[in-house]
Amino acid sequence: QVQLVESGGGLVQAGGSLRLSCAASGTIFSINAMAWYRQAPEKQRELVAIIMAGGNTNYTDSVKGRFTISRDNAKNTVYLQMNGLKPEDTAVYYCHADLRSFPWTSYFRRWGQGTQVTVSS
């Protein structure tokens, strides 16, 4: 079984910073894309940032210049450094990964359980 476990959420004042971590565990041969999504109350889940195995990154416009996604392939871990947080960043943040357990199997998707980020004004 492959699991993604997130940590690092919490309550912070506007302008503050948080760092989210997501570690993948289990039988893992390789991980392709790793990403962070978020879902605010009564809104659809949206992609926040994505990082490919080679290090290429992409961000949704609202977080460009404030958030940084990175990964440690040796630890099967992805991070999201969030600076300059705004109340509109308040949401449950979910980790996502495309991975495979063996070289002869297909990639499959896994989601983390989510971690709450609350930004007060």
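In table form, for the structure just shown:
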| quantity | calculated |
| --- | --- |
| Inter-part distance where region 65-98 and region 1-45 are each reduced to a Cα centre, Å | 6 Å |
| Qualifying chymotrypsin sites (Phe, Trp or Tyr not before Pro) in region 42-121, DSSP loop, other Cβ atoms within 10 Å at most 15 | Trp104, Tyr107 |
| Region 77-107 residues near the modelled Thr27 label - backbone nitrogen below 18 Å, point 7 Å along Cα→Cβ | 98-107 |
| Gained length - Ser101 relative to Thr118, 0.36 nm times residue gap less alpha-carbon distance | 2.7 nm |
| Accessible carbon and sulfur surface of region 54-121 relative to its total accessible area, %, 1.4 Å | 46 percent |
| DSSP-loop trypsin sites (Lys or Arg not before Pro) across region 68-121, with at most 16 other Cβ within 10 angstrom | Lys75 |
| Linear extension gain, Val5 paired with Asn58, 0.36 nm per residue minus alpha-carbon span | 16.9 nm |
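The values are calculated or read from the model by the stated rules, or taken from the named source; none is laboratory data. Note that the coordinates shown come from a computational prediction; the quantities given were computed from them, not determined experimentally. Because the Cβ atoms are built from the backbone with ideal geometry, glycine has one as well, and the counts that use them run over all protein chains shown. In case anyone asks, the SASA skips ligands and DNA or RNA and just uses the protein heavy atoms, side chains included. Shrake-Rupley method; radii C 1.70, N 1.55, O 1.52, S 1.80 Å.
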